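These notes concern the structure reproduced below.
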Amino acid sequence: MDHASTTPMAPEVIEAMKTAFVETFGNASSLHQPGLAARGALEEAREGVAGLIGAKAEEVYFTSGGTESDNFAIKGVALRNRDRGRHIITTSIEHPAVLEPCRYLEQQGFEVTYLPVTKEGLVEVDVLESVIRKDTILISMMHANNEIGTIQPIAEAGSIARDRGIAFHTDAVQTVGKIPAKVDDLGVDLLSVSSHKLHGPKGVGALYIREGTNIEPMMLGGGHERGMRSGTENVPGIVGLAAAADLAGRNLEGDMTHLAGMRDRLAEFVLVRVKDSWVNGSRTRRLPNNLNLGFSYIEGEALLLRLDAEGIAVSTGSACSSKKTVASHVLTAIGLRPEEAHGSLRITLGRENTDEEVDFVARAIVDVAEKLLAMSPFRRS
Ligand SMILES: *Cc1c(COP(=O)(O)O)cnc(C)c1O
């Protein structure tokens, strides 16, 4: 129930990787047979990943994951274009892998505008338009949010960016393999992918870079990935990502229907039974596998721990460090008060989940919520 954090590898992915570990262990830069075999597997994988996002193979650069792809896109475009301008636009609900490079760039003399979002977590396109300046060189807006599942109007934002000649990046880690995410439909110049969020292995990802985009290399060295990301390629990992992409692409429509059905079943069951519960994020523009519930008078972390004891893995919008509880920046950006943000529970489904599991989880959430409500000192009678 926590697939936004990571997913189990699909059996087909494990099989493809086993073969790759044994048969294509070569260095893809070597000119002998083992090297050529590895090169062949690498380029076939590139075609596969490109196919899922509607890109050309030569526009796909393999990385170590979503975090690296986001850093590559943001730092790479900003540093290469700093003489044209130093203004960047992003949103207040991005993943830290986007927010932290932006903060770093602020220290390097760039200016960053963090767009607000509506109560549903949506960026308003006219607000985006109003903050664009002559010196804006980059817009980075996530395709769907990892906490509340809200899907942004990327195509509309993309056409605005294109009209003004501004590079447009989207972190599509939560959407690739879950909903259609084709680079031309979205109108993006850069798009980040992470393998382990779509039933592939950890430590692998990709950055799509549209042909002609001005960007600095991510890593300097032996000139791998057409000079943009040096380092001997992780062929088995990349093969695993491609196998995951292939599976996701073939089952996309069916998976979406299955996931949305389970999500709605779960939501209905809990919302009618637990008083003062609600859904965070948009009900309509939402990832099919994401349900983020809010509960009054209950601590999300208490819910999480009790559900874990029942064998159910979920996530919450507050992280309790030893000294203080920090509310999620996403939940506060959609206008929740800190105490409301602390009462949140994120359930993110995967294609291997079943209706029976969902019913079990729904009942467990209601049971645990009722117990916690009964002992809550904040609850009004
Ligand atoms: C998980 C995630 C990332 C980071 O990807 P890693 O491969 O774990 O580095 C970036 N952005 C979003 C939206 C994510 O959900």
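The values are calculated or read from the model by the stated rules, or taken from the named source; none is laboratory data. Owing to the predicted nature of the structure, the values given are computational and were not obtained by experimental measurement. In this analysis, Cβ positions are derived from the backbone assuming ideal geometry, glycine residues included, and neighbour counts consider all displayed protein chains. Protein only, heavy atoms only, side chains kept; ligands, DNA and RNA dropped before computing areas. Shrake-Rupley method; radii C 1.70, N 1.55, O 1.52, S 1.80 Å.
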Residue in the stretch 151-169 that is part of a loop (DSSP other than H, G, I, E, B), among the acidic types (Asp, Glu) and away from the ligand (no atom under 16 Å from the Cβ) present: no
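Which one is least open to solvent (accessible area, probe 1.4 Å), of the residues in the stretch 31-53 that are over 18 Å from LEU241 (Cα atoms) and in a helix (DSSP H, G or I)?
Result: GLY35.
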Condition check for ASP367: modelled with pLDDT of 95 or more, of a type in the set (Asp, Glu) and touching a helix residue (DSSP H, G or I) at 6+ places or on another chain (Cβ under 8 Å): no
Qualifying positions in the stretch 252-310 - in contact with a strand residue (DSSP E or B) (Cβ under 6 Å, 6 or more places away or on another chain) and assigned to a loop (DSSP other than H, G, I, E, B): ASN280, GLY281, SER282, ARG285, LEU287, ASN289
Residue that is most open to solvent (accessible area, probe 1.4 Å) [pool: residues in the stretch 199-235 that are part of a strand (DSSP E or B) and away from the ligand (no atom under 15 Å from the Cβ)]: MET219
Qualifying position, being among the charged types (D, E, K, R), under 17 Å from ALA206 (Cα atoms) and in the same structural domain as ASN146 (by TED's automatic domain parsing), among GLU68, GLU23: GLU68
Subset of the stretch 58-70 (residues that are part of a helix (DSSP H, G or I), more than 9 Å from the ligand (Cβ to nearest atom) and open to solvent by 20 Å² or more (accessible area, probe 1.4 Å)): GLU58
Matching residues in the stretch 180-198 - criterion: being within 14 Å of the ligand (Cβ to nearest atom) and open to solvent by less than 20 Å² (accessible area, probe 1.4 Å): ALA181, LEU190, LEU191, SER192, VAL193, SER194, SER195, LEU198
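I'm checking my understanding of the structure. Among residues of the stretch 77-96 that are within 16 Å of the ligand (Cβ to nearest atom) and open to solvent by less than 10 Å² (accessible area, probe 1.4 Å), which one is nearest to the chain's Cα centre (by Cα)? Outline the logic, then answer.
Going through the stretch 77-96, the residues within 16 Å of the ligand (Cβ to nearest atom) turn out to be 90-96.
Those left that are additionally open to solvent by less than 10 Å² (accessible area, probe 1.4 Å): 90-91, 93-94.
Details: THR90: 15, THR91: 14, ILE93: 12, GLU94: 9 Å.
Residue satisfying both the conditions and the ranking: GLU94.
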Unmet criterion (only one of (1) in contact (Cβ under 8 Å) with a residue 60 or more places away in the chain; (2) open to solvent by 20 Å² or more (accessible area, probe 1.4 Å); (3) not assigned by TED's automatic domain parsing to the domain that holds VAL204) for LEU304: (1)
Residue pairs meeting the criteria (Cβ under 6 Å; at least 6 apart or on separate chains; first at pLDDT below 95, in the stretch 265-276; second in a helix (DSSP H, G or I)): none
Residues being within 16 Å of the ligand (Cβ to nearest atom) and basic (Lys, Arg) - total across the stretch 40-57: 0
